[in-house]
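Working notes, beginning with the structure itself.
Computed from the coordinates by the stated procedures, all read-outs in this text should not be read as laboratory data. Here the structure is a predicted model, which is why all the values come from computation and not from measurement. Virtual Cβ from ideal backbone geometry, glycine too; neighbours counted across all protein chains shown.
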Amino acid sequence: MPLVDTHCHLQSPRFDDDREAVIARCLEQLDWLVVIGDDIPSSEGAVALIRDRVYATVGMHPYYAEGVDDACLDRLRELAATPGVIGLGEIGLDYFNEYAPRDVQAVAFRRQLDLAIELDLPVVIHNRDSDEDAYAILAEYADRLPGCVMHCFGSDATYAERFLALGFYVSFAGNATFSKAQQLRDAAAVVPLDRLLVETDAPYLAPVPLRGKRCEPWHVVHTAAVIAEVKGVSAEELGKVTTDNARRFYRVA
Ligand SMILES: [Zn+2]
Ligand SMILES: [Zn+2]
């Protein structure tokens, strides 16, 4: 069935021993996948993995907000010019791990949202324990952004509806399969099928029944099955609709 992993980190050192084998088995099961950058080295690593059916994004995670200066933005501009770079991210706010002060995170976030508008790239948003501030910033930019997805959605149905009202996509990862994560499944329930994406965030957050293992992009099949159940559609239909959405969001032909 059609299926895409819209967010993974295959450049992670956790794949250093067997990366090519992992990519090969993922491409057997998935239509395509997107390797997401976190900082400059990992954005370079993502770009280096671009090939048929493997795309990349570049960006600075809020963990590394202090590194977002003019030189950094210039390097992101250069990397973004590579064919196969289809988005800017992941960018956003993280108040759970507040590795950079909140005001520094906000400036780095805004500068990269400006860059996405300049480069005409959709944005991949990381938002952890920072709903209200992320919403406030994104609401200012929503009309100008070429596309926006709330990745690894971790908030409740009310916030899902608020981000949907801005025109955004909402993406669910393996944590939505965890038994205690009813709040995430309730959030998925309010997301219309045509705004829904699925992802792994590999190597993190392996879904049930693989929880605790190193996550690989093909594991998205388990997350898709759970979300399909929430939405009351077949896994096949969920795969088809989220693949169509991913193609539209990332403008992949
Ligand atoms: Zn993230
Ligand atoms: Zn990620």
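Structural remarks
- Rounded, prolate or oblate (a/c below 1.5 giving rounded, otherwise prolate when a/b exceeds b/c) for segment 103-169 by Cα gyration tensor: oblate
- Separation between Cα centres of segment 141-168 and segment 42-100, rounded to whole Å: 20 Å
- Net charge of Cβ neighbours under 13 Å - reference GLY147; Lys, Arg +1; Asp, Glu -1: +3
- Cβ-Cβ FRET estimate between ARG53 and ASP129, R0 fixed at 41 Å, reported to 0.05: 0.75
- Normalised contact order of segment 91-167, rounded percent, pairs of Cα under 8 Å and 6 or more residues apart: 33 percent
- Normalising the average separation of contacting C-alpha pairs (under 8 angstrom, six or more residues apart) by the number of residues puts the relative contact order of segment 4-250 at 17 percent.
- Computed on segment 139-178, with alpha-carbon pairs under 8 angstrom and 6+ residues apart, the relative contact order is 47 percent.
- Proximal aspartates and glutamates relative to LYS180, as straight alpha-carbon distance under 15 Å, when same-chain residues fewer than 8 apart are discounted: ASP156
- The ASP186 and ARG102 beta-carbon pair, evaluated with R₀ = 30 Å, returns a calculated FRET efficiency of approximately 0.60.
- Subtracting the Cα-Cα distance of GLU236 and LEU119 from their residue separation scaled by 0.36 nm leaves 38.7 nm.
- Spacing of the modelled spin labels on GLU28 and ASP69, each 7 Å from Cα toward Cβ, amounts to 4.7 nm.
- Seen from a random direction on average, the alpha-carbon convex hull of the chain projects onto 11.8 square nanometres.
- Available extension along the chain between GLU161 and GLU78 is 26.4 nm, counting 0.36 nm per residue and deducting the alpha carbon span.
- The DSSP beta bridges internal to segment 4-250 are antiparallel in roughly 5% of cases.
- Residue with peak Gaussian network fluctuation, the chain [Cα springs, cutoff 10 Å], from ALA80, ALA100, ALA206: ALA100
- Placing pseudo-labels 7 Å out from each Cα toward the beta carbon at ALA142 and PHE178 gives an inter-label distance of 2.8 nm.
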